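Nothing in this text is a laboratory measurement; each read-out follows from the coordinates by a stated rule. Just so it is clear, the structure is predicted and the values come from calculations on it, not from any experiment. Virtual Cβ from ideal backbone geometry, glycine too; neighbours counted across all protein chains shown.
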Amino acid sequence: MLQPLHDKNGVDNDLQIFGIKLPLVQPGDDLVSLTIESSKRSGTQILDRDILVFSAKVVGVSQGRLLELSKISPSEKAKALATLYNLDPSFTEVVLRESDVILGGVEYALLTIKKNVVIANAGVDQSNAPLGYVALWPEDPQKSAEDLRRRFKENGLDVAILITDSRTLPMRMGNSSVALGVSGFKPIEDLRGRKDLYGRTMRVKRLAVADNIASAAQLVMGETSEQTPVAVVRDAPVLYGEGFRIDEAIIPMDECLIMHIVGKRSL
């Protein structure tokens with residue numbers, strides 16, 4: 001459990017985060033039922049207004065988003081990039097198909113843009129996928145978040161949903177996490193127009209609420225063999241409600257501090 005935070009009024013806000021272990025998820029499994037049953041077995045009760053954080057991989061696997069690499073024929077471009085960056089050619093071909101833009105790479109990874117997210121290998125992942133397979137993101141992470149929230153409501157639980165994946169940040173070692181789909185709470189808090197401690201007005205600052213929750217949840221979900229693809233976030237300082245989408249968290253490339261320098265160059 002994470003330590004309490006303070007909200008903007010200085011009142012203790014007892015943010016809590018719990019991991020939920022699931023059985024090994026297979027294509028076609030009902031994630032909602034599995035999560036509810038697993039939470040009961042672990043003694044972690046799910047409450048209304050909790051935020052349930054799901055890894056994109058477990059959602060994708062449940063939707064059958066697995067590909068067998070032996071059945072993938074790599075293109076000449078995939079072969080060239082695989083040679084350049086020490087990658088499997090069939091894996092590289094899947095990354096090419098899943099990417100919107102390929103910006104470059106380093107050994108073992110391509111830097112890509114997918115659904116307006118800068119991420120390694122377009123979210124295509126071999127870790128924790130069956131041997132010989134790769135796992136993909138859900139086809140539409142935002143719709144998946146909305147569908148999961150609706151299904152929990154059908155089971156009597158009014159919860160918010162966050163779908164996430166791990167990512168790297170420029171010039172920083174290690175992974176944090178990024179929000180891919182959100183339903184039930186506002187993913188961005190706009191701080192423009194507010195005053196700092198000395199009365200200066202904020203001009204550009206916004207708080208990445210969904211991404212910050214995603215990274216906090218990653219601490220209990222893990223990255224290797226933890227088998228904990230779901231986290232319960234309780235009493236988070238967020239604005240709950242209807243109609244919020246991850247689109248709100250997207251910034252155009254020409255307004256982005258980092259990406260406007262890169263522009264739209266691609267391999």
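As an exercise, take the mean of 1/r over every pair of distinct alpha carbons in segment 66-136, invert it, and state the Kirkwood radius in angstroms.
About 11.8 Å, per the Kirkwood formula over Cα pairs.
Explain nothing, just the number: relative contact order of segment 66-136, from Cα pairs under 8 Å at least 6 residues apart, as a whole percent.
It comes to 30 percent, rounded to a whole number.
With respect to the cross-link table entries 77/114; 77/143; 71/115; 57/77, which display a Cα-Cα separation exceeding 22 Å?
Over 22 Å Cα-Cα: 77/143; 71/115; 57/77.
For segment 129-152, list residues with backbone N below 19 Å from a point placed 7 Å from the Cα of residue 68 toward its Cβ?
Backbone N within reach: 129-136.
log₁₀ I(q)/I(0) of segment 26-66 at q = 0.14, 0.29, 0.33, 0.35 Å⁻¹, via Debye over equal Cα point scatterers, no solvent, to two decimals?
Computed log10 I(q)/I(0) values: -0.35, -1.02, -1.11, -1.14.
Mind giving me the FRET efficiency for residue 224 and residue 30? R0 is 35 Å, r the Cβ-Cβ distance, nearest 0.05 is fine.
For residue 224 and residue 30, the calculated efficiency is 0.90.
Place a point 7 Å from Cα of residue 260 in the direction of its Cβ. Which residues in segment 175-212 have their backbone N less than 14 Å from it?
Flagged as within label range: 204-205.
May I ask for the Rg/Rh ratio of the chain, computed from Cα atoms with Rh as the Kirkwood radius, given to two decimals?
That ratio is 0.98, to two decimals.
When only alpha-carbon atoms are used, what values of Rg and Dmax, in angstrom, describe segment 11-87?
When restricted to the Cα atoms of segment 11-87, Rg and Dmax are 19.2, 59 Å.
Please provide three numbers in whole Å: the alpha-carbon extents of segment 120-215 along the principal axes, with the largest listed first.
Principal-axis extents of segment 120-215 (Cα, largest first): 57, 42, 17 Å.
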